[in-house]
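> Structure incoming, see below.
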Amino acid sequence: MTPRCVSTVPFPDQKPGTSGLRKKVPVFEQPHYVENFLQAIFDTLAECQGATLVVGGDGRYLNREVIQTTLRIAAANGFGRVLVGRGGLLSTPAASCVIRGQQAIGGIVLSASHNPGGPEGDFGIKFNGANGGPASEPVTEAIFRRTREIAEYRISDAPEINLDRLGEACLGDMVVSVIDPVADYAALMESLLDFDRIADLFGSGFRMRFDAMNAVTGPYATTILQDRLGAAAGTVVNGEPLPDFGGHHPDPNPVHARELFELMGSSAALDFGAASDGDGDRNMIMAPGLFVTPSDSLALLAAHAHLAPGYRAGLSGVARSMPTSRAVDRVAEKLGIRAYETPTGWKFFGSLLDAGLISLCGEESAGTGSNHVREKDGLWAVLLWLNILAVLRKPADQIVREHWASYGRDYYARHDFEELDSTVAQELMEGLRSKLTSLPGQRAGDLTIGSADEFAYTDPVDQSVTPNQGIRISFAEGGRAVFRLSGTGTAGATLRVYLEQYEPDPTRHSLPTHKVLASVAAAAEAVAEIASRTGRLEPSVMT
Ligand code: VG1
Ligand code: CO
């Protein structure tokens, strides 16, 4: 079982995006593709010798194979111990929790998140550092540089490790511990949230549905909601992780979690509905008759977090990604704490969390989290909602409406134009960029442009600068449109157009979102010339 050095040549396309390296499965199946990338990660670590590594994934097609490869490469690189979730499963937030709890040097998380799985679907490899969070920009840059020059990788010829049996095995000098993927995470949740009160809520007849979308959260949600908190059997649906997610996109939004969305909008609506994505870091929240936008959910959780034991002392600050609505900023103002604005992607929250500047953060794309781990955490958000509902004992939709009445409502939508020709998409962004300075004062549709710029971020902790993080256009009438290209897609380019309109008047809080946003959407089209440039008259997905 001596380690071998294998000669290899670089692949040009191993640049990590918003969240790790994400490609179609056949790309990952090329000989040496996975090995090169893993070796590049390990090469950028200060010291692998004797270190502890955490490995797990969302159970999608290729998960088990890549875990075995990771173990063999880790052994050859001198790691002392690897913790793997049983069945090769670890949700992204659970991986973060284990990395932190076990003082690991980092973790390899195998997932393409909300992207579809299966032999023709997507696969992904993410690296998280010792704080449990996604590798920062400088680290992913270093990994990419290494992939461009790699000439060999080290691998040990060890037999397969049985991933289905809890316990320890040896792979050369390295110990492999197959751990219960749920246990540490469930204990962390119990330490933060009032499990007794949530159990009382379920005991009182409160009914909810959690759609795990045949992705990784099934075992977590079943253990915590049904077994620990006493939610009725059948509360968790699609609870079995499947390699192809049952053929669906495991993306918790009104389009891909349609069944839950329709149930909660019907007369048979339960008290609460929730869903999570492929790797368990996103959440969708449904109140009876009401889809709670992730931006609103973040604001609401910030306003009520003190009702949960883990946040009783209050929040140090909050943060949101730039395209997320400003609803949470108003809550922060009322609480007298700071609200930070970061680029899209969880990696940017890490330094703020580590420095204690914020305790809660979120993104419009259904990610919400806190300082308990360094990833967004879908089930945690659902449990915090339940904790709040258990204390307030009011219907979820009423809590949302009361929130709007005190803070105003941010009507919000995101329009995605998927699989565009990459050059066309780049040109569209370039076109916008080139006219930014001349836009203020101009009319766009029925609106007047107030300001226009491209978001650049300076990290307040380490002062690192990240430019080109999305173009934002604010209208004098109060609306805003943001344009950026996705960094997680695997085919062509995806243009994301984020639309919002603030409405302080409570008599105007029950209007259809698309109606309120119609003029902002028309103005966005007028400025960006989406139809004429791309030939698309409608977005591929509206959420
Ligand atoms: C998308 C979302 C972003 C999120 C990222 C990873 O990125 O917009 O908010 O952090 O996915 O989420 P992009 O670059 O495609 O817009 V997950 O749950 O897919 O790891
Ligand atoms: Co995800």
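The values are calculated or read from the model by the stated rules, or taken from the named source; none is laboratory data. All of these numbers come straight from a predicted model, not from anything done at the bench. Counting neighbours? That spans all protein chains shown, and the Cβs are built from the backbone with ideal geometry, glycine included. Surface accessibility is based on the protein's heavy atoms, side chains included, excluding ligands, DNA and RNA. Shrake-Rupley method; radii C 1.70, N 1.55, O 1.52, S 1.80 Å.
> Quick one: with all protein chains in place, what share of the accessible area of the range 406-482 is carbon or sulfur, to the nearest percent (1.4 Å probe)? Could you put the intermediate results ahead of the total?
Values: 1560 of 3470 Å².
Carbon and sulfur together cover 45 percent of it.
> May I pose another question? What number, in percent, do you get for the relative contact order of the range 8-164 if the mean sequence gap of Cα pairs under 8 Å and at least 6 apart is divided by its residue count? Before the final figure, lay out each step's value.
Numbers: 298 pairs, mean separation 55.5, N = 157.
The value is 35 percent.
> Next question. Please work out the average accessible area per residue across the range 435-543, using the 1.4 Å probe convention, and give it in Å².
Numbers: 5020 Å² over 109 residues.
Accessible area per residue, the range 435-543: 46 Å².
> Over the range 1-91, what percent of the accessible surface lies on carbon and sulfur atoms, probe 1.4 Å?
Whole-percent figure for carbon plus sulfur exposure: 53.
> Let me ask something else about it. Share of antiparallel DSSP beta bridges in the chain, in percent to the nearest 5?
Percent antiparallel among DSSP bridges in the chain is about 70.
> A further question on this structure: Give the range of the longest stretch in the chain that excludes all GluC sites (Glu not before Pro) found in loop regions by DSSP and having at most 16 other beta-carbon atoms within 10 Å.
Details: sites that count: Glu29, Glu47, Glu120, Glu149, Glu160, Glu477, Glu529.
It works out to 161-476.
> Let me check something: with ligands and nucleic acids excluded, how do Asp453, Asp279 order by accessible area (1.4 Å probe), largest to smallest?
From most exposed to least exposed: Asp453, Asp279.
> ³J(HN,Hα) across the range 495-505 via Karplus (A = 6.51, B = -1.76, C = 1.60, θ = phi - 60°), whole Hz, x for Gly/Pro?
So the J values, rounded to whole Hz, are 8, 10, 10, 9, 10, 8, 8, 7, 10, x, 6.
> Please list Cys97, Cys170 in order of solvent-accessible area, largest first, computed with a 1.4 Å probe with all protein chains present.
Output order, biggest surface exposure first: Cys170, Cys97.
> So what are the ³J(HN,Hα) numbers for the range 157-172, from phi and the Karplus equation (6.51, -1.76, 1.60; θ = phi - 60°), rounded to whole Hz, Gly and Pro as x?
8, 9, x, 5, 8, 6, 7, 9, 10, 5, x, 10, 9, 10, 10, x
> Here is a follow-up. Using the heavy atoms of the protein chains alone and a 1.4 angstrom probe, what is the accessible area of the range 305-408 per residue in square angstrom?
About 28 Å² of surface per residue is accessible.
> When DSSP beta bridges are limited to those with both residues in the range 36-137, what percentage is antiparallel, rounded to the nearest 5? Mind dumping the intermediate values first?
Details: 5 of 15 bridges.
About 35 percent, rounded to the nearest 5.
> Here's a follow-up. Please list the non-local residues whose amide H lies under 5 Å from the amide H of Thr488, H modeled 1.01 Å from N, same-chain partners needing a gap of 5 or more.
Thr18
> Assuming 1.567 mPa s and 4 °C, estimate D for the chain with Stokes-Einstein, Rh taken as the Kirkwood radius over Cα pairs, in µm²/s.
55 µm²/s
> Sequence gap at least 6, Cα distance under 8 Å: using those rules, report the relative contact order of the chain to the nearest whole percent.
Computed over the chain, the figure is 13 percent.
> Moving to a separate point now. At 0.36 nm per residue, minus the direct Cα-Cα distance, what do Arg165 and Glu141 gain on full extension? Give it in nm, one decimal, please.
Here the answer is 5.0 nm.
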